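Trainee: My questions all concern the structure below.
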Amino acid sequence: MPGESRSTPREIQKYLGRVSGPLLDRIDLHVEVPAVKFREISGGGPGSESSATIRARVMAARALQQKRFAGRPKVNCNARMGSRELKAHCALDDSTLELLKMAMQELKLSARAYDRILKVSRTIADLAGAENITAEHVSEAIQYRSLDRQIWG
């Protein structure tokens, strides 16, 4: 099939092994995007959100973040949060914290990956219009660490 890799899983693993862990830790989202068939793109089937709807949700989340960090000159969005902001805006309940702890251990994630997961979880919660980060938000953020799973999982 055009556009698909002809590399073996072993060759792919070898290539991914060359990408250093510290470099991957600096990337917020690791997402595999499979090829999409034309009819799926052009069909816009039931349940698909319009770009305008998605844009409105993103704009609302960005406005919320700007309001949240209004007094912090160097922080204007979740991605820029430091440890002080993480503690203030990314508190987790005990069961959600346990979920994150288990993922950290199972996937052998670094402290930097932990911070990234919290930041992405906060953004997912903002996009959902949720005041607090839930286990669902953290689970989704963990799923975005797919390269960590491929290399070290």
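The values are calculated or read from the model by the stated rules, or taken from the named source; none is laboratory data. Just so it is clear, the model here is predicted, and its values are computed rather than measured. Virtual Cβ from ideal backbone geometry, glycine too; neighbours counted across all protein chains shown. We work out accessible area using only protein heavy atoms, side chains counted, and drop any ligands, DNA or RNA first. Shrake-Rupley method; radii C 1.70, N 1.55, O 1.52, S 1.80 Å.
Trainee: Run down 122, 84, 145, 80 and say which single residue is without any contact (Cβ under 8 Å) to a residue 12 or more places away in the chain and closer than 13 Å to residue 28 by Cβ. If you could, list the steps in order and put the result at the bottom.
Mentor: Working: 122 fails: without any contact (Cβ under 8 Å) to a residue 12 or more places away in the chain; 84 fails: closer than 13 Å to residue 28 by Cβ; 145 fails: without any contact (Cβ under 8 Å) to a residue 12 or more places away in the chain.
Answer to the selection: 80.
Trainee: In the range 35-48, how many residues are open to solvent by 100 Å² or more (accessible area, probe 1.4 Å) and either modelled with pLDDT of 95 or more or not in a helix (DSSP H, G or I) (or both)?
Mentor: Taking the range 35-48 first, the residues open to solvent by 100 Å² or more (accessible area, probe 1.4 Å) are 37-41, 46.
From the residues that got through so far, the ones that are either modelled with pLDDT of 95 or more or not in a helix (DSSP H, G or I) (or both) too are 37, 46.
Looking only at that region, the number is 2.
Trainee: Kindly indicate the residue of the range 98-113 that is surrounded by 13 or more Cβ atoms within 10 Å (Cβ to Cβ) and either charged (D, E, K, R) or more than 13 Å from residue 142 (Cβ to Cβ) (or both) and also farthest from the chain's Cα centre (by Cα) among those meeting that condition. Working first, answer last.
Mentor: Step one: of the range 98-113, the residues surrounded by 13 or more Cβ atoms within 10 Å (Cβ to Cβ) are 99-100, 103-104, 107-110, 112-113.
Then drop every residue that is not either charged (D, E, K, R) or more than 13 Å from residue 142 (Cβ to Cβ) (or both), which leaves 108, 110, 112.
Working: 108: 17, 110: 15, 112: 13 Å.
This residue is 108.
Trainee: For residue 121, are the conditions met, namely being of a type in the set (Gly, Ala, Ser) and more than 18 Å from the chain's Cα centre (by Cα)? Steps first, please.
Mentor: Working: of a type in the set (Gly, Ala, Ser): yes; more than 18 Å from the chain's Cα centre (by Cα): no.
Answer is no for this residue.
Trainee: From the list 88, 141, 103, exactly one residue is farther than 21 Å from residue 32 by Cα and aliphatic (A, V, I, L, M). Which is it?
Mentor: Being farther than 21 Å from residue 32 by Cα and aliphatic (A, V, I, L, M) holds for just one of 88, 141, 103, which is 88.
Trainee: Among the listed residues 148, 93, which satisfies the condition of being acidic (Asp, Glu), modelled with pLDDT of 95 or more and either touching a helix residue (DSSP H, G or I) at 6+ places or on another chain (Cβ under 8 Å) or over 30 Å from residue 14 (Cβ atoms) (or both)? Walk me through how you get there before you give the answer.
Mentor: Details: 148 fails: modelled with pLDDT of 95 or more.
Among 148, 93, only 93 is acidic (Asp, Glu), modelled with pLDDT of 95 or more and either touching a helix residue (DSSP H, G or I) at 6+ places or on another chain (Cβ under 8 Å) or over 30 Å from residue 14 (Cβ atoms) (or both).
Trainee: Looking at the range 114-144, which of its residues are under 18 Å from residue 88 (Cβ atoms) and of a type in the set (D, E, K, R)?
Mentor: Residues satisfying the conditions are 115, 116, 119, 122, 126, 131.
Trainee: Further question on the same structure: Restricting the first residue to the range 106-118 and requiring it to be under 22 Å from residue 132 (Cβ atoms), which pairs with a second residue that is small (Gly, Ala, Ser) meet a Cβ separation below 7 Å and a spacing of at least six or different chains?
Mentor: 117/141
Trainee: If you take the residues of the range 49-81 that are loosely packed, with under 12 Cβ neighbours inside 10 Å and in a loop (DSSP other than H, G, I, E, B), which of them is modelled with the lowest pLDDT?
Mentor: Checking each candidate, the answer is 49.
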